[in-house]
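Every number here is computed from the coordinates shown, using simple stated rules; none is lab data. All figures in this text were calculated on a predicted structure; none of them were measured in a lab. Cβ placement follows ideal geometry from the backbone for every residue including glycine, while neighbour counts extend to all protein chains displayed.
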Amino acid sequence: MGTGRRLELISPSDYLASELGSEPKHEYLGGVVNLLVALGSRLRGHAYLSLPSLQQYWLVEQEEAAIVTYRRTDQGFQREVFAELEAAIPIPALNLQIPLSEIYERVHFGPEEDAQGSTTL
């Protein structure tokens with residue numbers, strides 16, 4: 001008879017408290033915490049990607065107005081990039097679109113440096 005390893009689940013509040021100052025960042029999925037890894041345009045190894053009900057997955061930037069979506073197609077997940085406030089993200093499953101301007105409505109981005117090192121707002 002084998003010895004099974006018991007998975008210790010954590011509460012959402014414990015996860016949020018530990019994630020506040022954490023670098024690198026983690027994801028919380030049903031009580032399990034996983035290290036977030038930058039995968040570029042590839043989404044692999046995430047349990048939720050195998051959920052048949054998952055139709056669209058968003059990566060929302062916090063430093064700039066940009067969202068990368070992965071939409072389920074017959075060929076797998078299709079990557080789409082939306083990087084202008086005038087852009088609208090389609091959500092086919094709900095038959096609607098959400099403009100980036102609404103998503104980032106109350107977000108104020110910090111000053112940016114241009115090529116000469118000057119700061120602009």
Pop a pseudo-label 7 angstrom from the Cα along the beta-carbon direction at both Arg106 and Arg79 and give the gap in nm to one decimal. 3.2
For segment 53-108, the Cα gyration tensor yields equivalent-ellipsoid semi-axes (√(5λ), largest first, whole Å) of 21, 12, 9
Relative contact order for segment 53-108: what is it in percent, counting Cα pairs under 8 Å that are at least 6 residues apart? 24
